[in-house]
Amino acid sequence: MTHYACASQEKLSELRQKPQVRILAIETSCDETAAAVVENGRTVLSNVIHTQIPLHMPFGGVVPEIASRSHVQKIGSVVQLALDQANLKLSELDAVAVTNGPGLVGALLVGLSYAKGLAYAAGLPFLGVHHIASHIAANYLSYPELEPPFTCLVASGGHSHIIAVEDYDRYRLIGRTRDDAAGEAFDKVARVLGLSYPGGPNLEKLALEGDPNRYRFHSAFNEGDGYDFSFSGIKTAVVNRLHNAEQAGEEMNRADLAASFQKTVVDILAEKSVRATKAQAGEAGKKLALAGGVSANRALREAMEARAKAAGISFYCPAFAYCTDNAAMVGSAAYGKLMRGQLDDLSLNAIPYLSIEDTSEAL
Ligand code: KG4
Ligand code: ZN
């Protein structure tokens with residue numbers, strides 16, 4: 001163990017006696033510069049998010065270099081605001097946590113370097129957190145009574161995973177997408193429908209005006225009894241439908257197309273995750289959580305809740321503020337790591353492709 005980690009370990013025994021442990025958390029894995037202060041892993045004292053949406057909008061998607069540069073510009077003021085809103089000074093905090101992967105490497109490095117600098121300057125323990133573990137932990141903020149084991153569907157721009165959360169630091173992959181992530185499929189279809197970035201929320205808005213039963217998009221792969229997903233065929237079916245209509249000079253109702261696409265994806269996600277939950281033994285078979293940016297989608301939340309209820313399963317999903325990327329969820333995930341003494345060294349690197357199972361200690 002290095003000198004820095006050793007010094008921090010000494011502080012741990014003191015920390016474990018404290019009634020309030022406060023973590024400054026930082027998230028810069030993609031297009032949000034975010035900082036938060038979280039107490040005891042469940043109480044959010046501040047949650048500041050600077051979105052880069054206007055910067056990336058002209059390009060129709062996230063431009064990694066623009067994202068990194070904007071993080072560099074904003075990180076200082078976002079962190080300061082998170083401290084101000086929590087009414088705390090850096091010296092009054094107990095640890096600094098940051099997302100170290102997966103994500104855009106240049107973007108991750110901004111938050112990671114900044115967090116290291118703060119931890120070093122203030123002599124605080126330092127922790128790197130897995131982005132998907134953070135999305136899952138967003139549920140602990142909204143349900144302070146929720147504890148593992150439970151089953152979780154993580155649907156974001158880069159992930160569509162069904163995960164058995166066996167403990168706070170133990171994850172087992174049950175199912176995953178074979179191609180596009182759910183959010184990615186939303187974004188790509190939104191683009192074809194002429195909607196601006198960010199595609200997912202805009203597609204959801206358009207779908208509100210459409211008939212979800214107007215078009216049917218079958219997908220043999222998703223109709224099987226496995227737990228893996230495939231969204232690329234559905235996306236292509238929507239694109240083909242639109243192009244065929246254009247070539248034939250027919251006017252298609254884009255809202256109906258958006259609503260039908262959304263219903264297809266939502267039904268698959270809800271059906272598979274409820275079936276996967278039912279197959280788990282013990283408590284994990286009785287609790288289903290939702291996480292990741294797509295968890296902000298009302299149609300998905302409602303469909304999952306209804307299916308879970310019908311199967312006698314309790315359903316959890318984060319408050320809207322904690323669905324898409326934020327730092328409060330990082331502070332929640334980091335708390336357990338801190339209390340278990342899983343501190344990181346200042347040589348911790350950014351890892352753009354980091355599997356959730358790699359973070360599991362006991363697997
Ligand atoms: O978790 P997140 O903020 O970033 C990643 O870790 O990827 O997720 C972003 C993804 C994007 O693909 C976005 O379009 C999608 O989540 N998303 C939505 C909605 N809000 C965000 N998809 C469908 N409906 C929404 N309301
Ligand atoms: Zn995310």
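Brief remarks follow.
- Computed FRET value (nearest 0.05) for Glu302 with Arg69, which takes r as the C-beta separation and R₀ as 35 Å: 0.35
- Among beta bridges that DSSP assigns inside the chain, antiparallel share in %, nearest 5: 60 percent
- For Asp325, Asp225, the ranking by accessible surface with the largest value first comes to Asp225, Asp325, using a 1.4 Å probe.
- Taking the Cα centre of the range 172-251 as reference, the dipole from Cβ charges on Lys and Arg (+1) and Asp and Glu (-1) amounts to some 200 debye.
- Computed over protein heavy atoms with a 1.4 angstrom probe, the accessible surface ordering of Met304, Met57, largest first, is Met57, Met304.
- 3J(HN,Hα) along the range 282-288, derived from phi through the Karplus expression 6.51 cos²θ - 1.76 cosθ + 1.60 where θ = phi - 60°, amounts to x, 4, 4, x, 10, 10, 10 Hz, with x in place of Gly and Pro.
- Rolling a 1.4 Å probe over the protein heavy atoms leaves Ser347 with an accessible area of roughly 90 Å².
- Free of any GluC sites (Glu not before Pro) that DSSP assigns to a loop and that have at most 12 other C-beta atoms within 10 Å, the longest stretch within the chain is 1-144.
- The alpha carbon gyration tensor of the range 32-150 gives principal lengths a ≥ b ≥ c with a/c of 1.5 or higher and a/b no greater than b/c, which makes the shape oblate.
- Remark on Ser46: its backbone amide H falls under 5 Å from those of Val37, a criterion applied only to residues 5 or more positions apart or on other chains, H modelled at 1.01 Å from N.
- Length-normalised contact order for the chain - Cα pairs under 8 Å, 6+ apart - percent: 25 percent
- Rounded if a/c under 1.5, otherwise prolate or oblate - the range 147-318, Cα gyration tensor axes: prolate
- Build a GNM of the chain with springs between Cα atoms under 10 Å apart, and of Ala308, Ala237, Ala155 the one that fluctuates most is Ala237.
- Spatially close lysines, pair count over the range 147-318: Cα under 28 Å, gap of eight or more or interchain: 23
- In degrees, nearest ten, helix 105-122 long axis to first principal axis of the chain (Cα): 20 degrees
- Remark: relative contact order (the range 147-318) = 27 percent; criterion is Cα-Cα distance under 8 angstrom and separation of 6 or more residues.
- Look at where the Cα atoms of the range 22-55 and of the range 74-133 average out, and the two centres are 9 Å apart.
- Among beta bridges that DSSP assigns inside the range 147-318, antiparallel share in %, nearest 5: 60 percent
- Cut-off 16 Å, label 7 Å out along Cα→Cβ of Asn244, residues of the range 218-238 by amide N: 218-220, 233-238
- Rounded to the nearest 0.05, the FRET efficiency derived from the C-beta distance between Arg170 and Met57 at R0 = 30 Å is 0.15.
- Amide H contacts under 5 Å for Ala289, placed H, 5+ residues apart: Thr151, Cys152, Leu153, Tyr316
- Just so you know, the averaged projected area of the alpha carbon convex hull for the chain sits at 18.0 nm².
- The range 247-266 and the range 303-363: distance between their alpha carbon centers, rounded to Å: 34 Å
- Whole-Hz Karplus values for the range 263-273 come out as 4, 4, 5, 4, 4, 5, 4, 5, 4, 5, 6 Hz, taken residue by residue from phi with 6.51 cos²θ - 1.76 cosθ + 1.60 and θ = phi - 60°; glycine and proline positions read x.
- Shown in residue order for the range 80-89 are the 3J(HN,Hα) couplings computed by the Karplus curve 6.51 cos²θ - 1.76 cosθ + 1.60 at θ = phi - 60°: 4, 5, 5, 5, 4, 5, 7, 6, 10, 9 Hz (x for Gly and Pro).
- Per-residue accessible area (protein heavy atoms, 1.4 Å probe) orders Ser29, Ser314 as Ser314, Ser29, starting from the largest.
- For the chain, the longest principal axis of the Cα atoms and the long axis of helix 3-17 meet at an angle of about 90 degrees.
The values are calculated or read from the model by the stated rules, or taken from the named source; none is laboratory data. Computed from a predicted structure; not experimentally measured. All Cβ positions, glycine included, derive from the backbone under ideal geometry; neighbour counts span all protein chains shown. What goes into the accessible areas is simple: the full protein's heavy atoms, side chains included, and nothing from ligands, DNA or RNA. Shrake-Rupley method; radii C 1.70, N 1.55, O 1.52, S 1.80 Å.
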